[in-house]
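Shown next, in structure tokens, is the structure this report addresses.
The values are calculated or read from the model by the stated rules, or taken from the named source; none is laboratory data. This structure is a prediction, so every number in the text was calculated from the model and none was measured. With ideal geometry, Cβ positions are generated from the backbone for all residues, glycine too; neighbour counts draw on all protein chains shown.
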Amino acid sequence: MASSRSTVESAQGVVEAPALPEGTFEIVEEVEGLLAGVGERAPEHLVGPATEALTSGGKRLRPLLLILSARLGEPEDEALLKATMAIEVLHTATLVHDDIVDRAETRRGAPTTVARYGREIAVATGDYLFAETFMALAEIGDPRLIRAFSEASQGLAAGELEQYRASAAGASDADGENVEVYLDHIRMKTAGLFKTACVAGGTLGGLSLRQIDALATYGQALGIAFQMSDDIMDLVGKPGLMGKGIGTDLVEGTVTLPIIFALREGDAGTMRRALVDPNPSPEVLEAAIEAVLATDAIARTEAWARGEIDAAFEGLGLLPGGPEREVLEAVAAEVVGRSA
């Protein structure tokens with residue numbers, strides 16, 4: 001039995017996916033309650049910011065990946081709930097810290113933690129959420145999960161540092177136009193959490209090492225494609241998958257894959273004017289976006305993302321069949337707007 005048809009966020013917007021397996025939505029609802037509890041038990045001055053950050057209406061894709069991966073096997077209910085909560089708390093902590101580094105004013109249409117409460121409270125909120133992540137993992141007591149989350153956290157910290165260095169260096173930094181540097185960054189950040197969600201789920205479900213490795217391949221490839229699709233959306237006239245506005249990457253001086261390709265092929269001077277200006281005018285920003293779109297950078301990035309999705313599908317071939325795998329396949333397919 002399965003629930004009604006679900007929706008998945010893709011590069012093309014909200015699309016239909018196969019029905020979520022029975023009980024999946026109920027687990028997500030329980031996790032929502034646990035997330036609210038994390039906010040409520042925060043130190044007094046952090047209750048408001050922690051609760052707002054945790055309940056701001058994210059897509060909960062990482063928890064969904066963990067649940068689906070776990071239910072390919074036979075997870076223990078309480079451990080599954082705590083691990084699912086932990087992956088979303090960790091993700092939220094990274095968003096809070098990212099917004100501090102980026103000096104972001106809004107996320108998902110609302111003021112960021114740093115914009116509303118200031119840098120000190122925002123840093124403390126992110127630190128509290130990191131601590132709560134590992135408190136939940138300690139209660140589960142599985143060292144394999146603690147290792148997976150620890151490796152992801154190390155990658156996230158390294159990714160944040162590289163992001164800060166790249167932002168400080170500006171578009172004149174040669175590494176900022178290096179495809180491998182870009183890929184390393186998104187492997188550490190976006191893809192790292194996707195991979196961890198899938199690995200943690202497979203571990204809790206009691207899958208074989210070979211199957212967990214397949215889930216790791218799937219999660220990393222999906223995360224890379226997801227980020228590339230978001231980078232495209234930042235330029236083609238729609239809000240991105242991660243709640244960013246149009247042209248945000250150019251405004252923040254972030255050199256993404258389509259921008260890298262465009263800098264090499266098009267009017268680099270026009271693009272750099274937007275990248276190096278901390279507050280580019282609408283005219284400068286529009287000209288930079290048009291300069292990117294005048295090249296084949298978007299098509300090249302889409303092709304790369306589709307290649308990552310092909311790798312994701314290869315990983316899924318080793319996993320047990322059933323409704324959980326069908327939804328994992330649909331998520332991968334729809335990230336790049338293709339049929340499953």
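Quick check on residue 22: is it at pLDDT below 90, in contact with a Lys or Arg (Cβ under 8 Å, 6 or more places away or on another chain) and of a type in the set (Asp, Glu)? Can you show your working first?
On the way: at pLDDT below 90: yes; in contact with a Lys or Arg (Cβ under 8 Å, 6 or more places away or on another chain): no; of a type in the set (Asp, Glu): yes.
No.
Starting from residues that are assigned to a helix (DSSP H, G or I) and hydroxyl-bearing (Ser, Thr, Tyr), keep the ones in segment 267-326 and report whichever is surrounded by the fewest Cβ atoms within 10 Å (Cβ to Cβ). Even if it seems obvious, please write down each step before you answer.
So the first thing to find is which residues in segment 267-326 are assigned to a helix (DSSP H, G or I), and the list is 268-276, 282-293, 297-316, 323-326.
Okay, now just the ones that are also hydroxyl-bearing (Ser, Thr, Tyr), so 270, 301.
Values: 270: 17, 301: 22.
The residue in question is 270.
Looking at residue 227, is it crowded, with 18+ Cβ neighbours inside 10 Å, modelled with pLDDT under 95, over 22 Å from residue 318 (Cα atoms) and not charged (D, E, K, R)? Give the steps one after another, and end with the answer.
Working: crowded, with 18+ Cβ neighbours inside 10 Å: yes; modelled with pLDDT under 95: yes; over 22 Å from residue 318 (Cα atoms): yes; not charged (D, E, K, R): yes.
It is true that residue 227 is crowded, with 18+ Cβ neighbours inside 10 Å, modelled with pLDDT under 95, over 22 Å from residue 318 (Cα atoms) and not charged (D, E, K, R).
Which residues, counting only those in segment 309-336, are hydrophobic (A, V, I, L, M, F, W, C) and under 17 Å from residue 73 (Cα atoms)?
Quick first cut of segment 309-336, residues hydrophobic (A, V, I, L, M, F, W, C) only: 309, 311-313, 316, 318-319, 327-328, 330-333, 335-336.
Matches in segment 309-336: 316, 318, 319, 327, 328.
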**Message:** It is to be established whether one or more residues within segment 101-109 are small (Gly, Ala, Ser), in a loop (DSSP other than H, G, I, E, B), modelled with pLDDT under 85 and on the phi > 0 side of the Ramachandran plot.
**Reply:** yes
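So, residue 55, is that one surrounded by fewer than 16 Cβ atoms within 10 Å (Cβ to Cβ) and under 19 Å from the mean Cα position of the chain (by Cα) or not?
Numbers: surrounded by fewer than 16 Cβ atoms within 10 Å (Cβ to Cβ): yes; under 19 Å from the mean Cα position of the chain (by Cα): yes.
So residue 55 passes the test.
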**Complete:** Pairs returned, first residue in segment 106-125 that is touching a residue at least 24 places away in the same chain (Cβ under 8 Å) and within 12 Å of residue 52 (Cβ to Cβ), second residue that is surrounded by 18 or more Cβ atoms within 10 Å (Cβ to Cβ) and of a type in the set (Phe, Trp, Tyr), beta-carbon separation under 9 angstrom, 6 or more apart or interchain, are 125/117
**Message:** Restricting to segment 317-330, count the residues that are among the aliphatic types (A, V, I, L, M) and either touching a Lys or Arg at 6+ places or on another chain (Cβ under 6 Å) or more than 18 Å from residue 212 (Cα to Cα) (or both).
**Reply:** 2
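Would you mind stating whether residue 264 is in contact with a helix residue (DSSP H, G or I) (Cβ under 6 Å, 6 or more places away or on another chain) and in a helix (DSSP H, G or I)? Break it down stepwise before answering.
Details: in contact with a helix residue (DSSP H, G or I) (Cβ under 6 Å, 6 or more places away or on another chain): no; in a helix (DSSP H, G or I): yes.
No: the conditions fail for residue 264.
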**Fill in**
Here the qualifying pairs (Cβ atoms under 6 Å; residues six or more apart or on different chains; first in segment 53-76 and in a loop (DSSP other than H, G, I, E, B); second acidic (Asp, Glu)) come out as 59/9; 71/324; 72/324
**Message:** If I filter segment 247-259 for residues that are without any contact (Cβ under 8 Å) to a residue 24 or more places away in the chain and under 18 Å from the mean Cα position of the chain (by Cα), do I get at least one hit?
**Reply:** yes
**Item:** Selection count where residues are outside any helix (DSSP H, G or I) and over 20 Å from residue 34 (Cβ atoms), scope segment 118-152
**Value:** 1
**Complete:** Scanning segment 93-118 residue by residue, those farther than 22 Å from residue 246 by Cα and surrounded by 22 or more Cβ atoms within 10 Å (Cβ to Cβ) turn out to be 93
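Has segment 242-254 got any residue that is in a helix (DSSP H, G or I), of a type in the set (A, V, I, L, M) and modelled with pLDDT under 95?
To start, the set of residues in segment 242-254 that are in a helix (DSSP H, G or I) comprises 248-251.
Okay, now just the ones that are also of a type in the set (A, V, I, L, M), so 250-251.
Imposing the further condition that a residue be modelled with pLDDT under 95 reduces the set to 250-251.
Yes, some residue in segment 242-254 is in a helix (DSSP H, G or I), of a type in the set (A, V, I, L, M) and modelled with pLDDT under 95.
Okay, residues lined up against (1) modelled with pLDDT of 95 or more; (2) more than 18 Å from residue 252 (Cβ to Cβ); (3) not aliphatic (A, V, I, L, M):
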site	(1), (2), (3)
157	no, yes, no
172	no, no, yes
176	no, no, yes
184	no, yes, yes
198	yes, yes, yes
